[in-house]
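Peer 1: Have a look at this one.
The values are calculated or read from the model by the stated rules, or taken from the named source; none is laboratory data. Keep in mind the model is a prediction, meaning the values are calculated, not measured. All Cβ positions, glycine included, derive from the backbone under ideal geometry; neighbour counts span all protein chains shown. What goes into the accessible areas is simple: the full protein's heavy atoms, side chains included, and nothing from ligands, DNA or RNA. Shrake-Rupley method; radii C 1.70, N 1.55, O 1.52, S 1.80 Å.
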Amino acid sequence: MKNLKKTFSNLEEEILHYKKEKNAVILSHFYQDEDIQDIADFVGDSLDLSKNAAKTKADVIVFCGVKFMAEVAKILSPNKTVVLPDLNAGCSLEESCRAPAFEKFKKKHPDHIVLSYINCSAEIKALSDIIVTSSNAEKIIKKLPLDQKIIFAPDRHLGSYLNKITNRNMLLWNGTCIVHETFSSKELVKVKVRNPDAKIIAHPECPENILNYADFVGSTSSLLRYVSEDNSRKFIVATEPHILHQMKKNEPNKTFLVAPGDDGSCSCSNCPYMELNTLEKLRDCLLHLSPEIKISNELILNAKKPLNLMLKLS
Ligand code: 13P
Ligand code: SF4
């Protein structure tokens with residue numbers, strides 16, 4: 001009997017076939033591998049990805065990013081099937097802030113409202129008043145009364161940067177991003193000395209000793225915008241290096257250098273969580289619609305309020 005099993009000439013073809021079959025959309029963050037970014041329907045920062053997840057007409061959202069991002073997609077589109085190629089793709093910021101400890105901390109400061117960075121679990125979102133991303137945090141904080149007491153969680157580097165630029169004194173949770181924390185200011189200065197014509201650009205998850213050297217600080221999408229709009233021909237980029245893929249695509253005639261870590265190399269700044277997602281796992285999760293993001297209705301309801309407020313205010 002004739003074998004009717006469909007054969008594919010490559011993995012990309014297979015993914016596109018299952019994507020059509022399942023009426024799925026593939027969303028990717030800028031920190032994903034180049035091959036994943038290239039096959040995605042939309043590549044963006046945390047804010048644009050959540051907006052996209054909220055309005056998609058697809059039945060299935062394949063989220064190529066980390067778990068908290070896929071959870072946001074599920075919270076904003078609870079009737080859709082949301083899958084993540086690898087369920088272990090977490091985030092050190094999320095891990096630094098667990099709900100029981102955070103609830104205790106919150107109870108100690110009942111006169112504060114809670115502003116949480118989107119890099120946190122659905123449980124932390126449900127304990128928050130407003131969610132922010134690095135794209136809209138400054139704008140949202142500036143809309144709050146100056147005398148409003150605020151807890152900011154979980155990123156203390158982003159929090160202290162926001163305190164500085166908005167002239168606030170938000171109470172900070174002590175979490176950090178293990179990727180942005182590995183950049184070395186000493187090594188960065190060496191690269192700058194060798195490339196005096198280069199501008200330093202940094203994500204606000206970097207510690208202050210890196211941000212102090214930056215000509216521009218912004219979210220992944222603002223960094224991308226900046227390198228296109230600025231007249232410089234060379235940039236030293238202090239964020240996860242996979243973003244260089246879009247920078248090089250958009251600006252093939254400009255030069256991009258990755259900010260170094262302690263040993264002077266850049267390989268330590270790859271996000272180990274984002275790296276768990278591969279094209280093979282993307283194919284498998286489309287085929288089996290698993291691993292799926294599951295969140296209880298109650299948690300969805302509670303986490304949706306501060307997320308919707310973010311979308312309204314940004
Ligand atoms: P962006 O919102 O700037 O894309 O940042 C997401 C992130 O996880 C940075 O580490
Ligand atoms: Fe989390 Fe840092 Fe990875 Fe972003 S780069 S997902 S903040 S560990």
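Peer 1: What number of residues within the stretch 122-160 are open to solvent by less than 10 Å² (accessible area, probe 1.4 Å), within 16 Å of ligand 2 (Cβ to nearest atom) and either in contact with a Pro (Cβ under 8 Å, 6 or more places away or on another chain) or under 15 Å from Leu313 (Cβ atoms) (or both)?
Peer 2: Qualifying residue count, the stretch 122-160: 7.
Peer 1: Looking at the stretch 75-96, is at least one residue hydroxyl-bearing (Ser, Thr, Tyr), farther than 22 Å from Lys125 by Cα and in contact (Cβ under 8 Å) with a residue 24 or more places away in the chain?
Peer 2: Taking the stretch 75-96 as the starting set, the residues that turn out to be hydroxyl-bearing (Ser, Thr, Tyr) are 77, 81, 92, 96.
Restricting the remaining residues to those that are farther than 22 Å from Lys125 by Cα gives none.
Checked against the condition, which is being hydroxyl-bearing (Ser, Thr, Tyr), farther than 22 Å from Lys125 by Cα and in contact (Cβ under 8 Å) with a residue 24 or more places away in the chain, the stretch 75-96 yields no hits at all.
Peer 1: So which helices (runs of 4 or more DSSP H) stay within the stretch 161-253 end to end and still have 2 or more residues that are open to solvent by 10 Å² or more (accessible area, probe 1.4 Å) and within 16 Å of ligand 1 (Cβ to nearest atom)?
Peer 2: Numbers: elements: 185-194, 208-211, 220-229, 244-250.
Result: 220-229, 244-250.
Peer 1: Could I ask something else about it? Out of the residues in the stretch 33-50 that are open to solvent by 30 Å² or more (accessible area, probe 1.4 Å) and under 13 Å from the mean Cα position of the chain (by Cα), which is nearest to Ile243 (Cα to Cα)?
Peer 2: As a first pass, look at the stretch 33-50 and keep what is open to solvent by 30 Å² or more (accessible area, probe 1.4 Å): 33-35, 38, 41-43, 48.
Next cut, under 13 Å from the mean Cα position of the chain (by Cα) only: 43, 48.
On the way: Val43: 10, Asp48: 15 Å.
That would be Val43.
Peer 1: Now for a separate question. Take the residues of the stretch 55-77 that are open to solvent by 50 Å² or more (accessible area, probe 1.4 Å) and away from ligand 1 (no atom under 14 Å from the Cβ): which is farthest from Ile131 (Cα to Cα)?
Peer 2: Asp59
Peer 1: Right, something else. Specify which of the listed residues (Tyr18, Tyr31) is more than 29 Å from Lys248 (Cα to Cα), touching a helix residue (DSSP H, G or I) at 6+ places or on another chain (Cβ under 8 Å) and not charged (D, E, K, R). If you could, list the steps in order and put the result at the bottom.
Peer 2: On the way: Tyr31 fails: more than 29 Å from Lys248 (Cα to Cα).
Only one candidate qualifies: Tyr18.
Peer 1: Here's a follow-up. Could you say whether any residue in the stretch 110-121 is surrounded by 23 or more Cβ atoms within 10 Å (Cβ to Cβ), of a type in the set (Gly, Ala, Ser), away from ligand 1 (no atom under 12 Å from the Cβ) and outside any strand (DSSP E or B)? Outline the logic, then answer.
Peer 2: Taking the stretch 110-121 as the starting set, the residues that turn out to be surrounded by 23 or more Cβ atoms within 10 Å (Cβ to Cβ) are 115-121.
Cutting the leftovers down to of a type in the set (Gly, Ala, Ser) gives us 116, 121.
In the following step, the residues that additionally are away from ligand 1 (no atom under 12 Å from the Cβ) were identified as 116, 121.
This time we only want the ones that are outside any strand (DSSP E or B), so: 121.
Within the stretch 110-121, one or more residues are surrounded by 23 or more Cβ atoms within 10 Å (Cβ to Cβ), of a type in the set (Gly, Ala, Ser), away from ligand 1 (no atom under 12 Å from the Cβ) and outside any strand (DSSP E or B).
Peer 1: Still on this model: Determine which member of the set Leu87, Leu27 is modelled with pLDDT of 95 or more and surrounded by fewer than 19 Cβ atoms within 10 Å (Cβ to Cβ).
Peer 2: Values: Leu27 fails: surrounded by fewer than 19 Cβ atoms within 10 Å (Cβ to Cβ).
Of Leu87, Leu27, the one residue that is modelled with pLDDT of 95 or more and surrounded by fewer than 19 Cβ atoms within 10 Å (Cβ to Cβ) is Leu87.
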